[in-house]
1. Go through the stretch A:98-110 residue by residue and tally those that are assigned to a strand (DSSP E or B) and crowded, with 20+ Cβ neighbours inside 10 Å.
2. Exactly one condition in (1) in contact with a strand residue (DSSP E or B) (Cβ under 8 Å, 6 or more places away or on another chain); (2) farther than 27 Å from A:Glu29 by Cβ; (3) more than 8 Å from chain B (Cβ to nearest Cβ) is not met by A:Thr109; state its number.
3. Looking only at residues that are outside any helix (DSSP H, G or I) and of a type in the set (Val, Ile, Thr) in the stretch B:166-197, which one is farthest from the other protein chains (Cβ to nearest Cβ)?
4. Here's a check for you: in the stretch A:111-126, which residue that is assigned to a strand (DSSP E or B) and open to solvent by less than 70 Å² (accessible area, probe 1.4 Å) is farthest from A:Leu23 (Cα to Cα)?
5. Let me confirm something: among B:Ala116, B:Ala102, which residue is small (Gly, Ala, Ser), more than 9 Å from chain A (Cβ to nearest Cβ) and crowded, with 18+ Cβ neighbours inside 10 Å?
6. Go through the stretch B:129-146 residue by residue and tally those that are out of contact with any helix residue (DSSP H, G or I) (no Cβ under 7 Å at 6 or more places or on another chain) and either part of a helix (DSSP H, G or I) or facing chain A (nearest Cβ under 7 Å) (or both).
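The values are calculated or read from the model by the stated rules, or taken from the named source; none is laboratory data. These figures come from a predicted structure and were not determined experimentally. Cβ placement follows ideal geometry from the backbone for every residue including glycine, while neighbour counts extend to all protein chains displayed. In case anyone asks, the SASA skips ligands and DNA or RNA and just uses the protein heavy atoms, side chains included. Shrake-Rupley method; radii C 1.70, N 1.55, O 1.52, S 1.80 Å.
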Amino acid sequence: MILEGSIRLPFSYAAGVVGSRFLVALRDEQVILGGRCSDCGTVSCPARSMCPECGTHVDDLVEVGPGGTVEAWTEMPGKPAFGLIRLDGADTALIHHLLSGEGKWQPNTRVTARFAPERVGDINDIEGFEEERGAS
Amino acid sequence: MNRQQSTDGVSVLGGAETAIALPDPRSIAEMALNVVERALEDAELRWSDIDAVVTASVDLFDGLTASSIAVTEVVGAVMKPETRIAADGLAAAIQAVHQIAAGAYDTVLVVAHGKASMAHHWNLTSWAMDPIFLQPLGVDFLTVAGLQADLIAGSDSSIIRRWAELAAHRKRTARGGIGESFTIDEVLESPVIAAPIRVGMCAPLGDGACAVVLGAGGGETTGGRAVIAGTGHDLDSHHPGDRDLTEWAGLRRACLRAYDMAGITDPAVAFAVAEPSCLFPHEEALFIDAAGVGEQTVLSPDGGLFAGTAPAISGLGRLLRATKAVKGNSGHRALAHGTWGPAGQGQAVAVVEAR
Ligand SMILES: [Zn+2]
């Protein structure tokens with residue numbers, strides 16, 4: 001016998017001190033923040049409390065993007081396309097949605113962030129990234 | 001004692017795994033019981049000979065928390081020291097090796113179990129992603145595998161056909177197991193699951209359990225000893241964008257630790273067989289590069305994971321196969337590999353050496 005069940009439970013996740021500053025900047029200023037490491041200089045995005053390169057505590061936040069380049073793309077049935085996006089000024093890549101176009105995105109395509117009209121302090125306050133206007 | 005001597009005496013005494021099925025109608029506990037009984041028989045040991053138990057499972061994939069509680073009795077861990085690892089089964093075996101090498105126990109049973117039939121596995125993996133920045137976007141392990149494959153492919157359109165060839169070849173070599181066999185063209189025409197990855201390029205997932213008995217010494221067991229001469233594991237950054245996804249740097253570090261322990265200076269000529277845990281063809285190139293294995297090393301002689309695999313068991317199953325591959329051929333070495341998390345975040349390797 002196989003018993004059917006499902007797990008559905010509301011949950012509250014703390015975004016953290018630095019993560020919250022990142023989300024508030026998306027919501028209130030339509031600005032994407034990276035965290036600059038005082039030790040190794042790596043600018044990581046999204047900004048988090050610890051440098052992913054060396055583990056140093058990060059509290060220096062800098063504006064990155066909103067433009068960047070697509071490093072990789074994927075498409076899955078029933079989901080919007082995903083991109084691995086290197087934002088201008090950041091040393092790490094961000095995974096987010098790619099909005100315009102269909103099929104494979106060529107590496108190094110220039111994109112820019114499109115913000116949601118209604119923002120709540122969530123990674124989805126960026127609707128996704130679209131091809132930069134005027135880019136060839 | 002130097003590091004090379006410290007694991008000199010840990011042997012694989014026996015083991016067993018279930019045939020991968022989709023679904024396996026047995027409960028998790030029954031599947032674990034089956035492999036434990038057979039592994040003890042294979043090792044010619046009894047329950048009372050086991051000093052401690054290490055289990056590997058992932059709560060999320062089992063649909064309950066502390067999923068080791070479901071198997072505590074059947075692995076004989078009641079009233080015994082039990083350690084539980086929420087990662088691939090090879091990481092559990094490495095924990096057992098360390099316990100024995102430290103002199104804590106003589107004989108340790110390692111059990112891994114996972115049932116992909118319990119839920120949509122890839123959807124489930126979304127809940128193993130960062131809940132603030134990744135999970136709300138719908139990112140799961142398959143998304144990250146697709147991004148990694150596309151990054152590696154770059155503008156090289158011929159690579160997709162080579163991956164299809166490799167997937168078809170592995171599946172053909174597997175002879176049996178679960179999942180359909182594909183021709184190269186059928187792989188290329190199979191549905192996209194995370195572009196450029198198609199269904200035919202993904203090793204089939206099912207239900208399985210695996211048990212291995214590890215022990216100090218190993219006596220004069222039939223067919224010679226299979227010694228775990230080196231182990232290494234590594235955990236890379238969780239955020240895939242923090243890593244260079246064109247390589248498995250964590251595996252490279254894990255291998256260096258294992259090779260150092262085993263006294264291997266040239267991995268290109270060190271191994272008769274390598275048993276990587278690769279779900280996709282693009283991962284095989286990452287494995288070869290990071291492990292540094294050469295042309296004379298036979299990779300996945302039984303088709304690797306393309307015969308079918310289950311969450312959490314892959315690496316422990318590879319250890320068993322690596323052991324069988326070298327046992328009886330004194331001096332021969334095999335490399336077993338396990339991985340877990342998105343795009344190879346966690347990596348584990350063990351060097352098995354016949355004595
Ligand atoms: Zn740093």
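1. Going through the stretch A:98-110, the residues assigned to a strand (DSSP E or B) turn out to be A:98, A:110.
Remaining after also requiring crowded, with 20+ Cβ neighbours inside 10 Å: A:98.
Result for the stretch A:98-110: 1.
2. (2)
3. Restricting attention to the stretch B:166-197, the residues satisfying the condition of being outside any helix (DSSP H, G or I) are B:175-183, B:190-197.
Those left that are additionally of a type in the set (Val, Ile, Thr): B:178, B:183, B:192-193, B:197.
Numbers: B:Ile178: 18, B:Thr183: 23, B:Val192: 7, B:Ile193: 7, B:Ile197: 8 Å.
Only one residue fits best here, namely B:Thr183.
4. Kept after step one, since they are assigned to a strand (DSSP E or B), are these residues of the stretch A:111-126: A:111-115, A:126.
Subset that is open to solvent by less than 70 Å² (accessible area, probe 1.4 Å): A:111-113, A:115, A:126.
Working: A:Val111: 21, A:Thr112: 18, A:Ala113: 15, A:Phe115: 12, A:Ile126: 10 Å.
If we take residues in the stretch A:111-126 being assigned to a strand (DSSP E or B) and open to solvent by less than 70 Å² (accessible area, probe 1.4 Å), then A:Val111 is farthest from A:Leu23 (Cα to Cα).
5. None of the others qualify; the one that does is B:Ala116.
6. Here is the first cut: in the stretch B:129-146, the residues out of contact with any helix residue (DSSP H, G or I) (no Cβ under 7 Å at 6 or more places or on another chain) are B:130-131, B:134, B:143, B:145-146.
Retained after the next criterion (residues that are either part of a helix (DSSP H, G or I) or facing chain A (nearest Cβ under 7 Å) (or both)): B:131, B:134, B:143, B:145-146.
Of the residues in that region, 5 qualify.
Rundown of residues vs (1) within 16 Å of the ligand (Cβ to nearest atom); (2) touching a residue at least 24 places away in the same chain (Cβ under 8 Å); (3) acidic (Asp, Glu), yes/no style:
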{"position": "A:Ser49", "(1), (2), (3)": "yes, yes, no"}
{"position": "A:Leu61", "(1), (2), (3)": "yes, yes, no"}
{"position": "A:Val70", "(1), (2), (3)": "no, yes, no"}
{"position": "A:Pro80", "(1), (2), (3)": "no, yes, no"}
{"position": "A:Asp122", "(1), (2), (3)": "no, yes, yes"}
{"position": "A:Phe129", "(1), (2), (3)": "no, yes, no"}
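Okay, residues lined up against (1) within 18 Å of B:Leu40 (Cβ to Cβ); (2) in a helix (DSSP H, G or I):
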| site | (1), (2) |
| --- | --- |
| B:Leu64 | no, no |
| B:Val74 | yes, no |
| B:Lys80 | yes, no |
| B:Gln95 | no, yes |
| B:Ala104 | no, no |
| B:Val108 | yes, no |
| B:Val111 | yes, no |
| B:Gly114 | no, no |
